Structures are given as structure tokens and as C-alpha cells.
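The values are calculated or read from the model by the stated rules, or taken from the named source; none is laboratory data. Because the structure is predicted, anything quoted here is derived from the model rather than measured. Here the Cβ is made from the backbone with ideal geometry for all residues, glycine too, and neighbour counts use every protein chain on show.
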Amino acid sequence: MDFDYSPRTKELQARLLAFMDQHIYPNEKAFHEEVDRNGREQGNRWIPTALIERLKPLAREQGLWNLFLPRSKRAPEGLSNLDYAPLCEIMGRVPWASEVFNCSAPDTGNMETLERYGSEEHKQRWLEPLLRGEIRSAFAMTEPAVASSDATNIETRIERDGDHYVINGRKWWISGAGDPRCQVYITMGKTDFDAPRHVQQSMILVPADAPGLTVLRPLPVFGYDDAPHGHCEMLFENVRVPASNILLGEGRGFEIAQGRLGPGRIHHCMRAIGVAERALELMIQRLTTRVAFGKRLSDQGVWRERIAESRIRIDTARLLTLKAAYMMDTVGNKVAQSEIAMIKVLAPNVAQQVLDWAIQAHGAAGVSDEFPLAYQWAGNRTLRLADGPDEVHRNAIAKLEIARFSS
């Protein structure tokens, strides 16, 4: 076994770390201050920040752009999942950093979907502007009225009417829907309620300016609105789009969802490991500079236990993530489904525990905005629900394990 990263990955790692030190970490507070200022002065927290737009050309000049998309002629800089993993981890240390490198969700998953399942017309209209960072996109699957962890429950209707499809339904927790740059929604609904369970669903591309499409409200996460990206509730009322906007054809939606969510899930895990590493770093900095009861906190036995346990858990999650990435590259997402499910459970839980300990180490300051820990805790907690809750992934893992011993 070779546990070393490739020479290209190492070179990109060094370049990315330098970029983070020079441009991202020094601007963490400036980012949130700009969002707040837009809200106060212009009455709109959803305006894209000038800060990120200023950094994007710098990232592109340094070759730190579209690194996530493998095997695409349109993005020759794209890396394999294995090579991308340590870079995605670094980006994940700051919640908004991925966008600077055009590697942020949900655009990454949407670009991969368009690359794999879109027509040439779809790619020219939406994929190419996304790859250039000119527009943004959203993925509309989750619904408030059903348990959306089972995608076959989706109730949004996609009905054929001549040369068009008409869409009716309500979606929520749609990431990026509040962004004024969002130009397309990859939307999942049912084209045939009477078909077999897993071929009822279809996916269709809905332009953001389509009549009848309304973004109702932003949905805060533990009090954070995540502006300017955000998560929103949306209403589709007789939204009419060309029939050519359907992906692959009717009944292929569940298949596309499974193909899209594999890379999306592992990217979340890569970023979660970055969150955990940052939390551990901040925890140690705090513990080594604070004195209580006559000695540094880092000399207290309980904190040494937590530091050691954090390192063990982070490295465990990283190794399983790299294994899953390697399998996705070599044997495909379907064969790697157990590893993807395992890491989707493990990584967010590891990050959550390390964040919790880091908050505890900071005392009252840990739950304030003086440090990034509270915001990252809130964001990371959603990962145990996003792209499938822990319970669904554990059930999938168990079924695969049982099947191994039942044949």
C-alpha cells in the first residue's frame, strides 16, 4: 500500500495552503462584516460578496480552479477523487472558501450531473458558465410534506404537456436558491405515479426566471441564515419548461440522484475533516495559552485525553475517506457505496465531537462569534441530515453486510 499523495497533489497542496494563509484566513471576519453591511446598507444580505469575487481570479491564475471534476474535457484541471480529497479538506477549513476555487456545493454536484447526464445543449447553456464561475445553481429535491430521506416519497409533479413539462410542488432546504446568480435548478419530481417505485421520478432543468417559480423564504440553521448562500423554501406553480430540459428521459431521476449524491457525499466528508482539523488546531492553541488552577489547560489530563482522541478520530475518518475516494476512482461509485455510506456517517460525527471539545476548551468564547467554532458547529450538524441522514446510511451499510453472509 502507498499512503503518499501524488506529486501533483503535493504541489497543489502547498499552493493552496499558501493561498489560504494569504487570502482566506485573514479575511474571515471581513467576509461576515460585508454580508452584514449589505444587509444594513442595501437591505439585502444575499448580495454576492465583493471579497469572494475579488479572490476568484487570483485562485484561477494560480491553477486552483475546478479541481473537483474528474474526466471532463471541459475541465482538464479536474482531479481524481483521491487526488482532490486533501485539497477539498483544506478548503473545508473555512465555510466560504470553496467558492473562491469554484469548488463549492451544490454547484460541484450539479456540474458533475450536467457533465454526466446533460445534453450538449444543456452543457453549453449551463455547465460552461458554471465552470467559468459566472453563474450559480441549486438542486431541488427535499420537500417539507414528505420524508425526503426516501427519495421515492417525492411528490412534486412533472407532467408532460405537448412540447413542455409542467411542474407543481413545494421544495425546501434548497441550498443557494437565494443567490441572485442562481440560474438553474436541477429539480426532482415524479412523471409517473403509477410506475414501479424507483422509476417514477425524473429530473428536469428549470431556469431560475421561469414564470411560476417563487423563492418563498430563507431557512436559518440554528439561527444562522448562511447568507449570501443560504437555504430556501421554494414553490413551483405551473412552471412550464421545454421537454428537452429533462435529463436522460422520464423515469431516470432516482438513478441520476444516486449518481449525483455519491460525489456530493464524499466532498462533504472531505470538508468535514478540514473542519475537524481546524477545530483541533484552535483547541490546542487555546489550551496552551490558558492557565487554570495553577497550570496550563493543556497539562490537564482530561484535555490530553481529548486531544489524543481527536487525532485518532480525525485520522480514522481521513483514511476511510481516502479509501472510498480510491474505490470511486477505480471500481466506481456503485461498488464503493458501502464505503461512501460509512464515511458519510463517520466524518460529520467526528467533526461534531471535535468541534464540541474545541468549544468547551474556549469556554464562553467558544459559543460566540469571536471564533469560527459556533458557526462551524451549526453547519456541520446539518451534515448528519444532508444527503441522507445517519440512520439511512447505517441501514444501507447493514443491508450490504447482511447480504455478504447470506449468499
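A few comments on the model shown:
- Residue selected from segment 232-265 under the condition under 12 Å from the mean Cα position of the chain (by Cα) and either modelled with pLDDT of 95 or more or of a type in the set (K, R) (or both), by the criterion surrounded by the fewest Cβ atoms within 10 Å (Cβ to Cβ): R265
- Tally of residues being among the hydrophobic types (A, V, I, L, M, F, W, C) and either touching a Pro at 6+ places or on another chain (Cβ under 7 Å) or surrounded by fewer than 17 Cβ atoms within 10 Å (Cβ to Cβ) (or both) across segment 52-83: 2
- Elements of type helices (runs of 4 or more DSSP H) in segment 296-407, at least 3 residues being over 23 Å from I90 (Cα atoms): 301-330, 337-362, 390-404
- Condition broken by T289, with the remaining ones in (1) touching a residue at least 24 places away in the same chain (Cβ under 8 Å); (2) not hydrophobic (A, V, I, L, M, F, W, C); (3) not in a helix (DSSP H, G or I) satisfied: (1)
- Extreme residue, nearest to G178 (Cα to Cα), among residues of segment 234-252 that are hydrophobic (A, V, I, L, M, F, W, C) and in a strand (DSSP E or B): M234
- Complete set of residues in segment 47-56 that are closer than 16 Å to M20 by Cβ and either assigned to a loop (DSSP other than H, G, I, E, B) or of a type in the set (V, I, T) (or both): I52
- Conditions (1) of a type in the set (D, E); (2) without any contact (Cβ under 8 Å) to a residue 24 or more places away in the chain; (3) touching a strand residue (DSSP E or B) at 6+ places or on another chain (Cβ under 6 Å); number of the one not met by E77: (3)
- Qualifying residue in segment 266-285 (condition: part of a helix (DSSP H, G or I), out of contact with any Ser or Thr (no Cβ under 6 Å at 6 or more places or on another chain) and polar (S, T, N, Q)): yes
- S72 meets all of the listed conditions (1) part of a helix (DSSP H, G or I); (2) in contact with an Asp or Glu (Cβ under 6 Å, 6 or more places away or on another chain); (3) over 26 Å from A374 (Cβ atoms) but one, namely (1).
- Index of the failed condition, A59 passing every other in (1) touching a residue at least 40 places away in the same chain (Cβ under 8 Å); (2) farther than 19 Å from N380 by Cα; (3) in a loop (DSSP other than H, G, I, E, B): (3)
- Contact annotation: residue pairs with Cβ atoms under 8 Å, 6 or more positions apart or on different chains, pairing a residue in segment 204-226 that is closer than 24 Å to W126 by Cβ with a partner that is at pLDDT 95 or above and basic (K, R), are A210/R240; P211/R240; G212/R240.
- Within segment 118-163, considering residues that are among the hydroxyl-bearing types (S, T, Y) and buried (at least 18 other Cβ atoms within 10 Å of the Cβ), the one nearest to R271 (Cα to Cα): S137
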